[in-house]
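Please read the structure below before turning to the comments.
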Amino acid sequence: MTLELIQRAERNRSSQALLAPEGVFSYADLLDVSALAATRLLAGRDDLEGARICVLTPPGWEYTAVQWGVWRAGGIAVPLATSHPTAELAYVLADAEPEAIVAHPSLAGRLGNVAAERGLTVLQTPALLREGPTGGPPAVDEERAALMLYTSGTTGRPKGAVLTHANIRAQVESLTEAWGWTPQDHILLHLPLHHVHGIVNVLTSALWNGATCEILPRFSPVDVWERLARGDVTLYMAVPTVFRRLIESWESADAATRSAWTEGARSCRLMVSGSAALPVPTLERWEQVTGQRLLERYGMTEIGMGLSNPLDGHRRPGYVGTPLPGVAVRLLDDEGSAAQPGAGGEIQVRGPTVFREYWKRPTETAAAFTDDGWFRTGDQAVVEGGSYRILGRSSVDILKTGGEKISALEIEDVLRAHEGVEDCAVVGVPDPDWGERVCAAVVARPSARVTRESLRSFAKARLAPYKVPKDILLVDGLPRNAMGKVTKAEVRALFSMDED
Ligand code: MCA
Ligand code: AMP
């Protein structure tokens, strides 16, 4: 069977699919060029049969054509983060064991010697997408794996969450129904394209529905406002940090600019916030500035979207609404029983949107599900007046900064590898811009000459930029409880005191 996404695109051939940094592209362009990419990836074979193809391209047309090419050839697309240093990319390449990497020439250098060391083919995008003959791509069953997204957990380094075509379809169909997508929609996209938020909620939902996705090369508040000001964008989705940045940008603009921006934003039919808790003051200020009441929803890489405020009806500030179509949600208390009405519990999710497995990690996959097949999110919530409110995460070691999920333990491991570091503790400190700000308390080895800057550059060379601690405190010792365990609440307090 040809994938439903492709069949639907065939019906929309003449519609505009993408407005991208590289130009304007129709669904016909996307079908034709992704067929070329598929043919080149197949290199004479019938089917990639689940081979992983890592993709390192800037957000835009090439990214999308390559992703569809991988899917049509029967491969698993593994999008790499364009902001990551070589060390993080090397980790993903070692774990995913791809057969090839597709890279844009401007980013290929980021791979350093890693590809050569691993004997991996690097296919550069201009050549991969160049005109040429195309063969018939294989039939790809929906139950096959489509996408692998790396996500942090409490144990070890990031894991590859494997989503099937059927998962992606279920996620998109659920959002199409809940948020009323139509072919007339025009959505703006500047979110990173290695997460569910950017890939599924924005890009794939738009292309599934025959709508237009306008991809910006990067997030810039003024560019977003100027696009909204034209009044033709119907949908906008982002993380709370972005809405806050947009508010700041609006507040620093002159009166005429403000009113043009406000006027344009008013004509959007829906604006959605997610990936992290939306502070109520941000929701309220955004509504004053644009007349738009943000629709807050809750999701996770492993489940897609789970809970959402309504498209029509009351969007309750501070709440994430109710289960989306096709998604079963329950709350379980610490004993594993259904939480009492009004009491908190862990959010557990089941249904066709839920991912298949963590790549090559059967033990961790099994531990992530209950015996009866519910995925344990590790998020705590309570239902009040019929709507879910997120209380926080079960683990203090999972942080969210600017919508990026990170593991404190992973950062601690990297800092401990510094020769001058005896011990350290990483915490998330509440922050108005980032939601949580990554902070590290570090005990230096006696006589070691360790500075904050040297630690930051050590971390920068090894970790994604958003994992690098923004504040580092050099301390004589870490606060511990009677059992000798570091007390993270006390570590966090050190930073709050430091601010005062
Ligand atoms: C960049 N920096 C950050 C972050 N991003 N620091 C903390 N947290 C971040 N998220 C740092 C950079 O390292 C740099 O530090 C400084 O901030 C400025 O960097 P710049 O690249 O200019 O930042 P930016 O362009 O302003 O990016 C901020 C951003 C971006 C727009 C908020 O982080 C973003 O697009 N976040 C969205 C992530 C997302 O899509 N998450 C979805 C995953 P220095 O100056 O020291 O070098 S969650 C998901 O998919 C689930 C399913 C869901 O529910 O949605
Ligand atoms: P990720 O693994 O990057 O997909 O991040 C998923 C996590 O983001 C969830 O487990 C939640 O902790 C958090 N999250 C997503 N949406 C919301 C929201 N609306 N409010 C609070 N937390 C959220």
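Every number in this text was worked out from the coordinates using simple rules, so none of it is lab data. Since this is a predicted model, take the numbers as computed values, not measurements. Here the Cβ is made from the backbone with ideal geometry for all residues, glycine too, and neighbour counts use every protein chain on show.
Listing for the model above:
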read-out: √(5λ) per eigenvalue of the Cα gyration tensor, the chain, largest first, Å; value: 35, 29, 24
read-out: For the chain: relative contact order, % (alpha-carbon pairs under 8 angstrom, 6 or more apart); value: 12
read-out: Cβ crowding within 10 Å averaged over residues, with 87-99, 10-22 ranked highest first; value: 87-99, 10-22
read-out: Cα-centred dipole magnitude for the range 333-394, charges only on beta-carbon of K, R (+1) and D, E (-1), debye, nearest 20; value: 360
read-out: Dipole of the chain, positive end: most advanced residue of L270, L216, G180 [Cβ charges, Cα centre]; value: L216
read-out: Prolate/oblate/rounded call for the range 114-227, Cα gyration tensor, a/c under 1.5 rounded; value: rounded
read-out: Size-normalised alpha-carbon gyration radius of the range 179-225, reference 2.2 N^0.38 Å; value: 1.12
read-out: Percent of C-alpha pairs per 10 Å bin, the range 205-296, short to long; value: 16, 53, 28, 3
read-out: Share antiparallel - DSSP beta bridges, the range 133-240, percent rounded to 5; value: 50
read-out: Lys/Arg +1, Asp/Glu -1 at C-beta; the chain dipole; positive extreme among V491, V102, T363; value: V102
read-out: Pairs of Cα atoms farther than 17 Å apart, the range 390-435, %; value: 39
read-out: Dipole magnitude of the range 421-500 about its Cα centre (Cβ charges: Lys, Arg +1; Asp, Glu -1), debye to nearest 20; value: 440
read-out: Dipole of the chain [Lys/Arg +1, Asp/Glu -1 at C-beta], most positive-end residue of A459, S205, G299; value: A459
read-out: Neighbour-count ranking [beta-carbon atoms within 10 angstrom, fewest first] of Y150, Y63; value: Y150, Y63
read-out: Relative contact order (%) - criterion: Cα under 8 Å, at least six apart; region: the range 1-130; value: 23
read-out: Bins of 5 Å, starting at 0 and running to the largest distance - Cα pair percent for the range 388-500; value: 2, 12, 23, 25, 21, 11, 4, 1, 0, 0, 0
read-out: Per-residue Cβ neighbour rank within 10 angstrom, fewest leading, E248, E131, E436; value: E131, E248, E436
read-out: Rel. contact order, % - alpha carbon contacts under 8 angstrom, at least six apart, the range 443-500; value: 31
read-out: Residues V202, V382, sorted so that the one with the fewest Cβ neighbours within 10 Å comes first; value: V382, V202
read-out: Estimated 222 nm signal from helices in the chain, with DSSP H stretches of n ≥ 4 weighted -39500 (n - 2.57), rounded to 500; value: -9500 deg cm²/dmol
